[in-house]
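Peer 1: Here it is: the structure, laid out below.
The values are calculated or read from the model by the stated rules, or taken from the named source; none is laboratory data. Predicted model only: the values in this text are computed from it and were never measured. With ideal geometry, Cβ positions are generated from the backbone for all residues, glycine too; neighbour counts draw on all protein chains shown.
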Amino acid sequence: MPDVNFTILKKNTAGDPEQEKFVKEQLLTIGKFKISTESAITFSEEGAKKWYAHKEQEVSPEIFQEIIDNMMTPDLLLISLKREDELPAWKVLRVIMGATNPDKAGAIPDEWCEKLGLPLGTLTIRAQGKKYFNWDIGLNGMHGSDSLESLQRETEILLEEIG
């Protein structure tokens, strides 16, 4: 049975044909994902605040509002992904994306390169995004759940948002 997951291309990536193509190619080649569907999504303020509620105490009110504003940008791109193997899709996505801060993103860990059949030293998507598109902590290209619990919570919010 396929394992499904999703990613959201953020405002600096969604709508930019070159960056969208780059991310999709990485998902297919590095992550060995299949893309099920793609659709534009615009979060409500309430939905964006629910999505990032866990971050509110970690950052200043100004930074939190910037994060919320970025999630409310029209036409973010929601991409549904699936995998046909035993590796959990949310974990594969998180590993190949790399650190949230592209300045700290580097190579995919060797054990994951081996699991995915990649050459050792393969750069994460965010490390490459930093190199080719100047991604940074504020606009790091894409979202991926950081745990199974986050995936479940975010899926519920998405279902509310898309009605």
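Table: residues versus (1) under 20 Å from residue 112 (Cβ atoms); (2) touching an Asp or Glu at 6+ places or on another chain (Cβ under 8 Å).
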| site | (1), (2) |
| --- | --- |
| 10 | no, no |
| 14 | no, yes |
| 25 | yes, no |
| 31 | yes, no |
| 35 | no, no |
| 41 | no, yes |
| 44 | no, yes |
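Peer 1: Which of the residues belonging to segment 69-83 are surrounded by fewer than 19 Cβ atoms within 10 Å (Cβ to Cβ) and not in a strand (DSSP E or B)?
Peer 2: Scanning segment 69-83 gives 69, 70, 72, 73, 74, 75.
Peer 1: What tally of residues in segment 102-125 results from selecting those that are in a helix (DSSP H, G or I) and over 17 Å from residue 32 (Cα atoms)?
Peer 2: Qualifying residue count for the region: 3.
Peer 1: Residue 25 fails exactly one of the following numbered conditions: (1) more than 10 Å from residue 76 (Cα to Cα); (2) touching a strand residue (DSSP E or B) at 6+ places or on another chain (Cβ under 7 Å). What is the number of that condition?
Peer 2: Among (1) more than 10 Å from residue 76 (Cα to Cα); (2) touching a strand residue (DSSP E or B) at 6+ places or on another chain (Cβ under 7 Å), residue 25 violates only (2).
Peer 1: Quick one: would you say residue 91 is surrounded by 13 or more Cβ atoms within 10 Å (Cβ to Cβ), modelled with pLDDT of 95 or more and closer than 17 Å to residue 35 by Cα?
Peer 2: Criteria met by residue 91.
Peer 1: Could you pull out the residue among 92, 4 that is in contact (Cβ under 8 Å) with a residue 60 or more places away in the chain, part of a helix (DSSP H, G or I) and under 16 Å from the mean Cα position of the chain (by Cα)?
Peer 2: Checking each option against the conditions leaves just 92.
Peer 1: Would you pick out the residues in segment 25-37 that are exposed (fewer than 13 other Cβ atoms within 10 Å of the Cβ) and either touching a Cys at 6+ places or on another chain (Cβ under 8 Å) or of a type in the set (D, E, K, R) (or both)?
Peer 2: Passing the criteria: only 25.
Peer 1: Of a type outside the set (Asp, Glu) and under 23 Å from residue 123 (Cβ atoms), is that true of residue 96?
Peer 2: Here the answer is yes, as residue 96 does meet what is asked.
Peer 1: Shifting gears a bit: Could you count how many residues in segment 107-152 are modelled with pLDDT of 95 or more, surrounded by 12 or more Cβ atoms within 10 Å (Cβ to Cβ) and among the charged types (D, E, K, R)?
Peer 2: Going through segment 107-152 one residue at a time, the tally reaches 5.
Peer 1: Moving on. Keeping to segment 95-140, report how many residues are on the phi > 0 side of the Ramachandran plot and in contact with a Pro (Cβ under 6 Å, 6 or more places away or on another chain).
Peer 2: 0
Peer 1: Among the candidates 86, 38, which residue alone is over 23 Å from residue 129 (Cα atoms) and not β-branched (Val, Ile, Thr)?
Peer 2: Within the list 86, 38, the selection yields 86.
Peer 1: Out of 58, 46, 86, I need the residue that is surrounded by fewer than 17 Cβ atoms within 10 Å (Cβ to Cβ) and either under 16 Å from the mean Cα position of the chain (by Cα) or in a helix (DSSP H, G or I) (or both). Which one?
Peer 2: Exactly one of 58, 46, 86 is surrounded by fewer than 17 Cβ atoms within 10 Å (Cβ to Cβ) and either under 16 Å from the mean Cα position of the chain (by Cα) or in a helix (DSSP H, G or I) (or both), namely 46.
Peer 1: Follow-up. Report yes if residue 62 is modelled with pLDDT under 95, charged (D, E, K, R) and in contact with a helix residue (DSSP H, G or I) (Cβ under 6 Å, 6 or more places away or on another chain), otherwise no.
Peer 2: no
Peer 1: Return the residue satisfying two criteria in turn: it lies in segment 19-29 and is without any contact (Cβ under 8 Å) to a residue 40 or more places away in the chain and charged (D, E, K, R), and of such residues it is farthest from residue 48 (Cα to Cα).
Peer 2: 25
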